[in-house]
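Worksheet: the structure to be examined is printed underneath.
The values are calculated or read from the model by the stated rules, or taken from the named source; none is laboratory data. Predicted model, so just to flag it, every value in this text is computed and none were measured. Note: ideal-geometry Cβ built from the backbone for every residue, glycine included; neighbour counts use all protein chains shown. The area values use the complete protein model at the heavy-atom level, side chains included, leaving out ligands, DNA and RNA. Shrake-Rupley method; radii C 1.70, N 1.55, O 1.52, S 1.80 Å.
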Amino acid sequence: MPTVEFEGNLIEAEDGETVLSALLRHGVDVGHGCQAGACQSCLLRAPAAAPPTAQKGLDDTVAEAGGFLACMAKAKDVPSATRFDPDYFPTYAADLVEKRALSATVLLVRLAVPELPRCPGRFVQLTGPTGVRRPYSVATSALDANGLVDFHVRLIPGGEMSEALLQAMPGDKFSIQGPYGKCCYRPGEPCAQILLIGSGTGLAPLYAVATDALSQGHTGRIEVFFGASSPEGLYFLDELRCLAASYPNLAVTVCVDAGPLEGQSLGSPLQHALQAIPDMADTTVYSCGHPALVKAAQRQCFLAGASMKRIFVDAFEPAGRA
Amino acid sequence: MSSLYEKLGGEAAVDAAVDNFYRRVLKDDRICHYFDGIDMERQAAKQKSFLTMAFGGPNNYTARDMKEAHAHLDGLNDTHFDAVVENLGATLKDMGVADELIAEVAAVAETTRDAVLGRV
């Protein structure tokens, strides 16, 4: 009879029984719902290899970390399992290489993280020399070239990470856990239209997705809609202009809520995106930045025809609320 | 004899229906307020579970699960249930499913009415 080691206990299963069924039969309290691989309530983690048939529909991040659905896995294929705890993600040593101001409120932070897997657009938990820990999205696409990772850090007066970074010197030791999230370019549909909608430092992952798509030979349209409440909140505009000038399939619309300067549009980036692309049935959508914008973009782009499976979002929730 | 689930096209049919159904629900003024401010991806997974069940596919939902899952929805009544079944029918029609199969799906969904509305 197959056995599953679960949190130190050896659970005996019947032949052909699923991991979930065996655990429940032995009185182990694990979450569950449909028991048919759809609702994802019974997510567990296999420290060794998880059976791929039990990983269907899971986020890449979760699957890579060994996540699997207990209701879809036969006990004989899972010698040991644990609950799924996000802390299982690996941690990498990172050295500060460079920091420079991108605007009055945004700092570019460049770290050398030779071990980190290539993950443009996804986010990591960054821990600074003082122990402060915050999530940031990877802004670089050419990670594999030299192990350097860029982050765009919004400087918040009195903010713990902001203060730590202002004090930090090249060579200081950081650490990075992750990567997490789904905001990354997916090769396989090089002609599909990509829509990128963001505000503030949500631009960082969107820039990474755009440049990664281009470096992988994406030929479909790439439409960037980037906004801020006022022109002072914008940054990285030269880099965006440069990208648009180099790649005819990429266009950038810069939006502000008030007082647009030349070349800037009045209104939210989402509003302009919906006007420009009323039918999103064949569009892959990414949205990052202010939570209200990102949540609205997810809903409105879905209603405009984008498939839920092709909408990738990261809401930048302010720190200290948890 | 193939089952209802097989006749509809199995999991591929569910996958094809999820976006259409969820979009209809979000656009339906009678019920869309129940979906405000929730995690859309998680909700899409739940919609998939529901459609799999209604299509006669593999699931192990009990009446108690149904009751508990909907217990927090204030004022949920037959009108809302009817709206969901109506949207389900419209989705199937969009997919070109024959009327008699749509009726079968509606009948499966109907078996959950009392549990969803907390009457069991």
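The table below lists the values:
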{"item": "Qualifying residues in the range B:34-63 (those that are in contact (Cβ under 8 Å) with a residue 24 or more places away in the chain and among the hydrophobic types (A, V, I, L, M, F, W, C)) - the one nearest to the other protein chains (Cβ to nearest Cβ)", "result": "B:Ala44"}
{"item": "Residue count for the range A:287-322, restricted to those that are more than 23 Å from B:Val25 (Cβ to Cβ), within 14 Å of chain B (Cβ to nearest Cβ) and either in a strand (DSSP E or B) or at pLDDT 95 or above (or both)", "result": "1"}
{"item": "Residue identified as at pLDDT 90 or above and touching a Phe, Trp or Tyr at 6+ places or on another chain (Cβ under 8 Å) among A:Val149, A:Val106, A:Val132", "result": "A:Val106"}
{"item": "Conditions (1) modelled with pLDDT of 95 or more; (2) more than 14 Å from chain A (Cβ to nearest Cβ): number failed by B:Asp29", "result": "(2)"}
{"item": "Top-ranked residue in the range A:274-313 [being over 16 Å from A:Cys184 (Cα atoms) and touching a Lys or Arg at 6+ places or on another chain (Cβ under 7 Å); ranked as surrounded by the most Cβ atoms within 10 Å (Cβ to Cβ)]", "result": "A:Phe302"}
{"item": "Matching residues in the range B:4-26 - criterion: being more than 8 Å from chain A (Cβ to nearest Cβ), open to solvent by less than 50 Å² (accessible area, probe 1.4 Å) and out of contact with any Phe, Trp or Tyr (no Cβ under 9 Å at 6 or more places or on another chain)", "result": "B:Asn20"}
{"item": "B:Ala83 being among the aliphatic types (A, V, I, L, M), open to solvent by 50 Å² or more (accessible area, probe 1.4 Å) and in a helix (DSSP H, G or I)", "result": "no"}
{"item": "Checking B:Thr112 against (1) free of Cβ contacts under 8 Å to residues at least 24 places away in the same chain; (2) under 28 Å from A:Met72 (Cβ atoms); (3) open to solvent by less than 40 Å² (accessible area, probe 1.4 Å), the condition it does not meet", "result": "(1)"}
{"item": "Residues that are open to solvent by 50 Å² or more (accessible area, probe 1.4 Å) and within 30 Å of the chain's Cα centre (by Cα), drawn from the range A:1-42", "result": "A:Glu7, A:His32, A:Gln35, A:Gln40, A:Ser41"}
{"item": "Selected residue [farther than 23 Å from B:Asp65 by Cβ, among the polar types (S, T, N, Q) and touching a residue at least 40 places away in the same chain (Cβ under 8 Å)] from A:Thr82, A:Thr18", "result": "A:Thr82"}
{"item": "Qualifying residue in the range A:161-175 (condition: outside any loop (DSSP other than H, G, I, E, B), touching a helix residue (DSSP H, G or I) at 6+ places or on another chain (Cβ under 9 Å), under 26 Å from A:Val294 (Cβ atoms) and of a type outside the set (Val, Ile, Thr))", "result": "no"}
{"item": "Condition met for B:Asp15 (touching a residue at least 12 places away in the same chain (Cβ under 8 Å) and more than 23 Å from A:Cys71 (Cβ to Cβ))", "result": "no"}
{"item": "Search result, residues across the range A:236-265 that are open to solvent by 30 Å² or more (accessible area, probe 1.4 Å) and either assigned to a loop (DSSP other than H, G, I, E, B) or in contact with a His (Cβ under 9 Å, 6 or more places away or on another chain) (or both)", "result": "A:Tyr247, A:Pro248, A:Thr253, A:Asp257, A:Ala258, A:Gly259, A:Pro260, A:Leu261, A:Glu262, A:Gly263, A:Gln264, A:Ser265"}
{"item": "Neighbours by Cβ (under 6 Å, 6+ apart or cross-chain): first from the range A:224-243, under 14 Å from A:Ala204 (Cβ atoms); second modelled with pLDDT under 95 and exposed (fewer than 14 other Cβ atoms within 10 Å of the Cβ)", "result": "none"}
{"item": "Count - residues of the range B:91-120 that are in a helix (DSSP H, G or I) and closer than 20 Å to B:Tyr5 by Cβ", "result": "16"}
{"item": "Qualifying residue in the range B:69-88 (condition: within 21 Å of A:Leu69 (Cα to Cα), in contact with a Gly (Cβ under 9 Å, 6 or more places away or on another chain) and within 14 Å of chain A (Cβ to nearest Cβ))", "result": "yes"}
{"item": "Exclusive hit being in contact (Cβ under 8 Å) with a residue 60 or more places away in the chain and either surrounded by fewer than 19 Cβ atoms within 10 Å (Cβ to Cβ) or within 18 Å of the chain's Cα centre (by Cα) (or both), set A:Tyr92, A:Tyr88", "result": "A:Tyr92"}
